[in-house]
1. Averaging sequence separations of C-alpha pairs under 8 Å and six or more residues apart, then dividing by the length of the chain, give the relative contact order as a whole percent.
2. What does the extension gain come out to for residue 121 and residue 381, with contour length at 0.36 nm per residue minus their alpha carbon separation?
3. Short version: ³J(HN,Hα) in whole Hz for each residue of segment 376-383, in order, from phi by Karplus 6.51 cos²θ - 1.76 cosθ + 1.60 (θ = phi - 60°), x for Gly and Pro, what are they?
4. Can you return the lysines within cross-link range of residue 230? Criterion is Cα-Cα under 26 Å, with same-chain partners fewer than 8 residues away left out.
5. Test of understanding: what is the full-extension gain from residue 67 to residue 355, defined as 0.36 nm times their sequence separation minus their Cα-Cα distance?
6. ³J(HN,Hα) across segment 311-319 via Karplus (A = 6.51, B = -1.76, C = 1.60, θ = phi - 60°), whole Hz, x for Gly/Pro?
7. Based on the alpha-carbon gyration tensor of segment 233-414 and its eigenvalue square roots a ≥ b ≥ c, which shape applies: rounded if a/c is under 1.5, prolate if not and a/b is larger than b/c, or oblate?
8. How high is the relative contact order of segment 60-142, in percent, with contacts defined as C-alpha pairs under 8 Å that are six or more residues apart?
Amino acid sequence: MPGLAPTREVLANGVTVIAKKTSTTPAVTLLANLRAGTVHDTAEHEGLAHFVSRTIDRGTERHSADELAEQLDNRGVTLTTSVTRHTLSLACTCLVEDLDEVLRLVGEIVMQPAFPAVEVNRRRGEIITLIRQDEDNPGAVAVEALMSTLYGRAHPYGRRLRGTVERVERIDRPVLQRFHAERGVPEGLSLAVVGDVEPARAIDAARSVFGEWRGGTAPEVTQAPRLPTKGRHCHVVPMMNKSQTDVAYGFVTIARQDASYHVYSLMNNILGQYSLGGRLGDSIREQQGMAYYVFSSLEANLMPGPLVIRAGVSPANVARAVASIDTELRKLGDSGPTEQELVESKQYLIGSMPRTLETNMGIATYLQTAEFFGLGLDYDVRMPDLLRAVTSEQVHEAARHAINPDNATVVVAGPFEGTLS
C-alpha cells in the first residue's frame, strides 16, 4: 500500500503546511487549524474559544463581514469554522484557479480578525440561544454533567465548551482580541492543502500568505488537575417536561499518544461501535429493545480522554439500561473479547480508513489529526499493522483496567426521579 505520502514543510516563522495532491476533482480543500481550543478558556471567560470561533470570520482589518462573504460567495466558497478542546478550525473548498485568492482571504481571517462590536453583540445573542437550547436538551445536559463530574470544573475537559450565559455575557471585543493575540500565532497554525495542485505550488501559495506573519509562542496545555475517579458516582438531573431520558456513562482513560491506544480503540469498537453498536447495541437495543440508541466512543486526546457510553431510553427503562451496561462491561472485563469479535473489529477499523479518505476534506482532516498528535506522515501505512498486532489478552487487560463498573460515573438526564446505584 503506497499510502498518502503527503509533503510537509515548516515555514521559517513556524507555520506548518501539509500538502497532498489528488486528482479526483479540479478543486482544493483548505483546512487551517489554530491551537486555540477550549482548553485555553479561563474560569472567568468560559466559552471564550467557542466565541472566537463564531466571530473570527465576521470582519477583518481590511474587509467587513459582508465584503468577506461576498468575495467567497462569488467563488462558490462556503467557509466553516469550528472549535474542539484543542483546536479552532477554518475549512473551505475552492476551484484550483481560485486557490491564491481564497487562501489570501483565509489568511486574512486567521491573522487579522477585527471582531467588530456589532458582530460580537449579534453572535453573543446567538451563542446564548445555543446555550439555552443545550440546557433544554437531555443528551447535552447528561454529557456536560458527565464531563464535569469526571474531570472537575478546574480541568479544561470538565468545562462547558460553549460556557454559561453568565460567562458569555462578560466576553466583549477586547477579550476576544486578547485571546487571538495570545493564541493566533504562526507556531500555532497548521494548514492542510489537499486537491488538484502540486504540493510545491501549494506550499509556495501558503508561504506568500503566511510567510511574513510574526507572533510569539503559545504553549499547549498538556497537564491539568482532575478529581479522583475511583468509586462509582451516579447523578440524576430531572427534566420532567421531556419524553426521553438520556444516559451518559463513562471513565477517564488514556491520551492519544499512549502506546496502548490501538488496544483501547479495538476494545471500544467491540463494546459499542462495531456493527449495530457492538455488544451494547446487540444486548440493549436489539435483544432487549429498550434503547432508542446506544453506543460508545473513545475520545483519547492530548490529555487522557474519556470513554463515554451514550444511551437514549424510556424513563421506565433507565435502571434496567444502566444495569445492562454494567453487565456488558463486567462480561468484557471477566472474559475478554471473542476471537471473532477481535478479527471482525480489526477488519472493520482497517477497512474504514479508506472510506474516511475518499474526499479531500476527509484527507485534510486525517492529515491534521496525524500532525496534531505527531503520528507521522506514514501513519496511514503503519496503522493496519498496529491494529493487527493487538492481542486478545491486551484487550482483555484494558477492559479489566479501564471499564470496571465499580469506577463508573453515570449521569441520567430526563423525566426520571428514581435513584441509581
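Any read-out appearing in this document is the output of simple, stated calculations on the displayed coordinates, not a laboratory observation. Predicted model, so just to flag it, every value in this text is computed and none were measured. Glycine gets a Cβ as well: all are built from the backbone with ideal geometry, and neighbour counts include every protein chain shown.
1. In percent, rounded to a whole number, it is 22.
2. 88.9 nm
3. Calculated HN-Hα couplings, in order: x, 5, 9, 4, 5, 7, 7, 4 Hz.
4. Cross-link targets: 331.
5. 100.0 nm
6. So the J values, rounded to whole Hz, are 8, x, 9, 5, x, 5, 9, 4, 4.
7. Since a/c reaches 1.5 and a/b is larger than b/c, the shape of segment 233-414 is classed as prolate.
8. Relative contact order for segment 60-142 comes out at 26 percent.
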